[in-house]
Amino acid sequence: MITTFRLNTNELNDAFVESIKKLFFNKEIEILVRTTDNNVDFKYSDNLINAVNNIEKNKNIKSFTIEEFEEFSSSLLK
């Protein structure tokens, strides 16, 4: 079973912990904590949407050989 709790850190208290203990009584659980600030994700979403739209319209398509790709990829790592 997977359950998602979305709350502010100031809402973390003993009652919250007790509710998790009751919900998953006598089970081993895994707790993952992450922020819900997705600004980084949104930064790339417009570019991704535009790229998909371009592909669907067969517009601004770039093609290259595997050698050209490897050369370009290597240049990015320098």
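Values in this text are rule-based calculations from the coordinates and carry no lab data. What you see is a predicted model; the values in this text were computed from it and never measured. When we count neighbours, we look across all protein chains shown, and the Cβ atoms used for this are built from the backbone with ideal geometry, even at glycine.
Numbers for the structure displayed
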| quantity | calculated |
| --- | --- |
| 0 to 90° range, to nearest 10: angle between helix 66-77 axis and the chain longest Cα axis | 60 |
| (i) 1.26; (ii) 0.98; (iii) 1.39, with the label sought being that of the calculated Rg/Rh (Cα atoms, Kirkwood Rh) | (i) |
| Selection from Phe64, Ala15, Thr36 lying farthest towards where the dipole of the chain points positive, charges on Cβ | Ala15 |
| Cut-off of 10 Å, at most 10 other beta carbons, DSSP loop: longest stretch of the chain lacking such GluC sites (Glu not before Pro) | 31-78 |
| For Phe72, net neighbour charge (Lys/Arg +1, Asp/Glu -1) across residues whose Cβ lies under 15 Å away | -2 |
